[in-house]
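The values are calculated or read from the model by the stated rules, or taken from the named source; none is laboratory data. What you see is a predicted model; the values in this text were computed from it and never measured. All Cβ positions, even for glycine, are placed from backbone atoms using ideal geometry, and neighbour counts span all protein chains on display. Surface areas here come from the heavy atoms of the whole protein model, side chains and all, with no ligands, DNA or RNA. Shrake-Rupley method; radii C 1.70, N 1.55, O 1.52, S 1.80 Å.
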Amino acid sequence: DGASMSREKFYITTAIAYPNGKPHIGHAYELIATDALARFQRLDGKDVFFLTGTDEHGIKMLQTARKEGIAVRDLADRNAAEFQRMAEALNASNDDFIRTSQPHHYESSQAIWKAMAAKGDIYKGGYAGWYSVRDEAYYGEEETEVRVDGVRYGPQGTPVEWVEEESYFFRLSDYQDRLLAFYEQHPNFVGPSERRNEVVSFVRSGLKDLSISRTTFDWGIPVPDDEKHVMYVWVDALTNYITAAGYPDTGSPRWHYWPADVHVIGKDITRFHAIYWPAFLMSAGIELPKRVFSHGFVFNRGEKMSKSVGNVIDPFALVSHYGLDQVRYFLLREVPFGQDGNYSHEAIVNRTNADLANDLGNLAQRSLSMIAKNVGGVVPARGEFADADRAILDQASAALATARKAMSEQAIHQALAAIFAVVAEANRYFAGQEPWALKKTDPARMETVLYTTAETVRRVALLCQPYIPQSAAKLLDLLAVPEDARGFDRVADEHALVPGAALPAPEPVFPRYVEPAPAA
Ligand code: ME8
């Protein structure tokens with residue numbers, strides 16, 4: 001539509017997960033973070049397209065289905081439904097959910113293959129080398145090692161097996177110089193910088209042509225004009241990002257979203273997104289994404305989660321135990337985005353009680369209940385602002401600019417730190433102004449202090465929407481802010497609360513986490 005065409009577009013994606021099992025906390029983490037980034041840009045006025053989905057082909061899916069004694073399509077259907085259910089449970093605002101088993105995706109993957117072939121970048125040969133089924137990745141022998149258990153492992157610590165078969169190859173080696181020049185010209189293409197450095201040094205060390213088809217199984221997208229081969233799962237997986245934007249129909253109403261503004265992924269799949277994907281796109285003559293951001297891993301008390309250790313955390317259980325916004329806030333605040341982080345009960349309880357219940361919850365509850373009791377449940381009158389009033393309101397407005405800069409670099413934790421610094425300062429302001437004492441000595445000044453506090457809460461609640469959307473909405477409801485007045489343009493002074501406007505009865509928004517009583 002005309003309105004969306006005139007706004008700046010913003011296309012953001014998560015990785016698409018393998019539905020060979022149920023979603024785990026790593027998947028939840030990536031989706032929540034990407035959701036916060038997408039919501040931020042939407043609230044900031046952009047025309048956002050946010051994509052997530054499932055990566056359903058490949059030998060890993062097939063092996064899991066065999067182990068479970070079910071058809072691979074049934075495995076994909078069953079678990080893709082779990083990933084969709086997780087997106088709902090996490091309140092993800094994705095605009096689409098792509099499944100690579102969808103017919104349109106076959107068309108799209110075959111189209112990019114043909115474009116690469118037409119460029120002369122695909123040839124038939126024989127592959128002999130190491131393959132990790134768990135990573136769905138080919139590794140050079142020098143990247144592998146035999147450990148004391150006699151098993152050979154790849155660089156991510158997963159076992160590799162020897163593969164020898166006829167295969168199509170992509171002339172990746174031809175792209176080494178073009179990729180290096182591209183990284184040079186676009187220093188922000190890969191973030192954070194540690195990941196960028198790894199990518200650049202891997203490409204500098206020399207690229208070999210990449211095997212891009214398999215013949216020993218058929219759970220994949222057929223290679224055009226050679227039905228004996230299916231595409232290597234990563235060729236089809238990466239293509240999801242353009243399929244969803246309408247490819248190969250570049251006249252599609254969604255094609256204006258391409259190139260993606262940012263692909264949010266975990267650090268283990270940086271090589272695919274920062275090397276293979278741009279090379280495929282260069283070959284096919286398609287514009288490159290603007291940025292790839294690799295987040296860290298979430299561990300359970302420092303240990304890698306695995307089914308065999310039995311410490312895998314179920315995101316559904318986590319949300320029902322602690323509350324959705326509590327989980328979202330914890331993950332986004334506690335772990336600097338881009339670094340590894342830890343999950344622990346103590347840490348989530350501490351964030352829930354200290355930041356949400358005590359700091360933000362009490363600020364809202366104390367000011368709004370004083371307003372209900374002493375000002376008759378309407379927005380208080382505002383007298384002349386004192387310096388202290390002006391200062392806290394200005395700090396709240398300035399947090400938008402800080403958050404905007406941080407979010408544009410995926411520094412989600414920094415945006416939250418700036419917003420919660422306002423909350424901490426507002427609590428000091430409220431305590432220092434002692435509105436309960438002013439009630440007798442200077443009731444007009446009391447109203448101005450309560451007004452200033454409520455207006456600060458409004459600004460903070462607006463800014464909190466990307467991270468804790470349900471709770472922020474409740475706070476804005478308590479301030480009677482209409483739903484169409486919740487964009488970031490409303491943070492400004494001219495949209496401040498209007499004295500005399502009726503407010504609903506206050507109620508607490510952030511419950512404290514209380515340890516369940518031990519069973520008797
Ligand atoms: O890699 N902490 O799928 P996947 C944080 N299908 N992130 C984690 C994590 C953890 N403990 N474990 C996994 C794939 N992830 C491919 C992607 S994209 C075209 C194809 C992240 O289900 C992981 O890094 O193994 C990846 O970004 C995402 O979850 C899906 O992982």
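Stretching D96 away from D77 to a fully extended chain increases their span by 5.2 nm, per 0.36 nm per residue minus the current alpha-carbon distance. Please give the helix 233-243 orientation as an angle from the longest Cα principal axis of the chain, in degrees from 0 to 90, rounded to the nearest 10. Approximately 50 degrees, to the nearest ten. Decide, for the range 359-501, between rounded, prolate and oblate: order the square roots of the alpha carbon gyration tensor eigenvalues as a ≥ b ≥ c, take rounded if a/c falls under 1.5, and otherwise choose prolate if a/b is larger than b/c, else oblate. Note, shape of the range 359-501 comes out prolate. Dipole size of the chain about its Cα centre, with +1 on Lys/Arg Cβ and -1 on Asp/Glu Cβ: approximately 860 debye, rounded to the nearest 20. Amide H to amide H distances under 5 Å link A137 with S132, where only residues 5 or more positions off or on other chains count and H is placed in the peptide plane.
Against the longest alpha carbon principal axis of the chain, how many degrees, from 0 to 90 and to the nearest 10, is the axis of helix 72-89 turned? In the chain, helix 72-89 runs at an angle near 20 degrees to the longest axis. Here the peptides 369-375, 332-338 are ranked by packing, the mean other Cβ count within 10 Å, and the order with the highest first is 332-338, 369-375.
My understanding is that a pair violates if its Cα-Cα distance is over 23 Å; which of K22/K208; K67/K114; K290/K405; K119/K208 do that in this structure? Don't skip to the end; give the middle numbers.
Values: K22/K208 35 Å; K67/K114 35 Å; K290/K405 17 Å; K119/K208 18 Å.
Distance filter (> 23 Å) returns K22/K208; K67/K114.
Taking label positions 7 Å along the Cα-Cβ direction at both D489 and H321, the computed distance is 4.4 nm, reported to one decimal.
Antiparallel beta bridges, as assigned by DSSP with both residues in the chain, represent about 50 percent of the total such bridges.
Let me have the relative contact order for the chain, percent, based on Cα pairs under 8 Å that are six or more residues apart. Mind showing how you got there, number by number?
Numbers: 824 pairs, mean separation 78.6, N = 520.
Averaging sequence separation for qualifying contacts and normalising by length gives 15 percent for the chain.
For the listed peptides 394-407, 464-477, a ranking on the average number of other beta carbons within 10 Å per residue, highest first, reads 464-477, 394-407. The relative contact order of the range 18-145 comes to 30 percent, based on Cα pairs under 8 Å that sit 6 or more residues apart.
Over the range 100-193, what is the mean sequence separation of C-alpha contacts under 8 Å (at least six apart), divided by residue count, expressed as relative contact order in percent? List each step's numbers first, then the result.
Working: 92 pairs, mean separation 25.0, N = 94.
Answer for the range 100-193 is 27 percent.
What does the highest-first list of 126-135, 92-101, 383-392, 444-453 look like by mean Cβ count within 10 Å?
Numbers: 126-135: 17.1, 92-101: 19.0, 383-392: 14.1, 444-453: 22.7.
Per-residue mean Cβ counts within 10 Å order the peptides as 444-453, 92-101, 126-135, 383-392.
For the range 313-352, backbone nitrogen atoms closer than 11 Å to the point 7 Å from E515 Cα along Cα-to-C-beta are found at 346.
Of all accessible surface on the chain at a 1.4 Å probe, what whole percent is carbon and sulfur?
Here carbon and sulfur together make up 50 percent of the probe-accessible area.
Taking amide H positions as modeled 1.01 Å from N, with prolines and chain starts lacking one, the residues under 5 Å from F49 and 5 or more places away or on another chain are F10, Y11, I12. Compute the FRET efficiency between V498 and A347 as 1/(1 + (r/R0)^6), taking r as their Cβ-Cβ distance and R0 = 41 Å, and round to the nearest 0.05. The pair V498/A347 has a calculated efficiency of 0.50. What the Cβ-Cβ distance of K124 and W162 gives, at R0 = 25 Å and to the nearest 0.05, is a FRET efficiency of 0.75. With the charge dipole of the range 1-139 set up from +1 on Lys and Arg Cβ and -1 on Asp and Glu Cβ about the Cα centre, the Cα lying farthest toward the positive end among the listed residues S6, T54, I122 is that of I122.
State the percent of C-alpha pairs, over all pairs in the chain, separated by a distance greater than 31 angstrom. Could the numbers behind the result be given before it?
Details: 68828 of 134940 pairs.
Here the tail beyond 31 Å accounts for 51 percent of pairs.
Please compute the length gained on full extension between D177 and A391, using 0.36 nm multiplied by the number of residues separating them and subtracting their Cα-Cα distance. Please report the intermediate quantities before stating the final value.
Values: separation 214, 0.36 × 214 = 77.04 nm, distance 5.27 nm.
Once the chain is fully extended between D177 and A391, it gains 71.8 nm.
Sequentially through the range 54-61, phi angles give Karplus couplings (6.51, -1.76, 1.60; θ = phi - 60°) of 10, 10, 9, 8, x, 5, 4, 4 Hz, Gly and Pro residues having no value and appearing as x.
Evaluated at 37 °C with a viscosity of 0.692 mPa s, what Stokes-Einstein diffusion coefficient in µm²/s does the range 247-368 have when Rh comes from the Kirkwood expression over alpha-carbon pairs? Write down the numbers at each step before the final one.
Working: Rh = 17.7 Å.
Result for D is 185 µm²/s.
Rounded to the nearest 10 degrees, the angle from helix 469-478 to the longest Cα principal axis of the chain is 20 degrees. Phi angles across the range 432-445 convert, under the Karplus curve 6.51 cos²θ - 1.76 cosθ + 1.60 with θ = phi - 60°, into 3J(HN,Hα) values of x, 7, 6, x, 5, 7, 5, 3, 8, 7, 7, x, 5, 5 Hz, Gly and Pro given as x. Estimated at 0.36 nm per residue, the fully extended path between N358 and K22 surpasses their Cα-Cα distance by 117.5 nm.
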